[in-house]
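Written below as structure tokens is the structure these notes are about.
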Amino acid sequence: MPRSSQISRAILLAVVATSVAAAARITAQQPLAAGHAVLNNQDTVPVYSDSQATAGQAVWGKACAECHETNDVTGPDFRTKWSGQSVFALFEQIRTTMPDGNPGTLPKEEYAAALAYIFKLNGLTPGAAPFVGDSVALAGVKLILPPASSGY
Ligand code: HEC
């Protein structure tokens with residue numbers, strides 16, 4: 001085989017090896033398996049709207065991102081802790097403890113929007129109505145997140 005074609009063959013192999021490695025990395029970062037909010041342990045219900053989640057992303061950037069990675073609210077620890085809890089409990093937890101050091105300082109709608117963004121990050125399907133942090137409306141609605149071993 002002429003030397004030049006050996007060289008191009010080596011280059012080709014290097015390119016193939018690099019693409020295989022890149023493909024493996026993409027597979028390792030699969031999208032998160034989706035979560036659900038369920039009413040009375042059976043019917044999946046939408047608990048936030050897409051536009052609210054978009055507003056919540058801005059709240060997150062303004063009030064949460066200085067301390068948190070999104071992995072803090074999608075990762076295994078979060079899922080293990082919050083799966084099976086009521087969505088209202090998570091809302092109250094955030095509203096009464098965050099931002100750390102300054103709890104309760106955001107308007108209620110901003111807490112609700114930040115939570116909508118967290119729901120979206122966890123793959124919950126949005127609906128027409130925004131999340132309202134109201135214990136009556138949310139009585140019996142539980143957060144079901146995929147097992148901690150999936151996703152990351
Ligand atoms: C000044 C830093 C800081 C800011 C700003 C902040 N957090 Fe936190 N957050 C923390 C710390 C520290 C913890 C861990 C507290 C603990 O576990 O007792 C925490 C815990 C949490 C948890 C609980 C996670 C779990 O596994 O249960 C949630 C949810 C959360 N924060 C959401 C938010 C949201 C939403 C915002 C913005 C509205 C926010 N945080 C802003 C520092 C912060």
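Given the Cα-Cα distance of SER51 and ALA65 and 0.36 nm per residue of separation, how much length would full extension add, in nm? Walk me through the numbers before you get to the answer.
On the way: separation 14, 0.36 × 14 = 5.04 nm, distance 1.95 nm.
Taking SER51 through ALA65 to full extension adds about 3.1 nm, to one decimal.
Which order, highest average first, do 106-113, 119-126, 94-101 follow once you tally other Cβ atoms within 10 Å for each residue and take the mean per peptide? Please list the in-between numbers first.
Working: 106-113: 18.4, 119-126: 20.4, 94-101: 13.9.
Going from most to least packed, we get 119-126, 106-113, 94-101.
Sort 79-86, 61-68 by packing, meaning the average of other beta carbons within 10 Å per residue, with the highest value first. Could you put the intermediate results ahead of the total?
Details: 79-86: 16.4, 61-68: 13.8.
Order by mean packing, descending: 79-86, 61-68.
Multiply the residue gap between ALA33 and THR125 by 0.36 nm, knock off their C-alpha separation, and tell me the result in nm, one decimal place.
On the way: separation 92, 0.36 × 92 = 33.12 nm, distance 1.19 nm.
Extra length available between ALA33 and THR125 comes to 31.9 nm.
Where a number appears in this text, it was derived from the coordinates with a stated rule and is not lab data. Being a predicted model, the structure only gives us computed values, none of them experimental. So basically every Cβ, Gly included, is an ideal-geometry build from the backbone, and we count neighbours across all protein chains shown.
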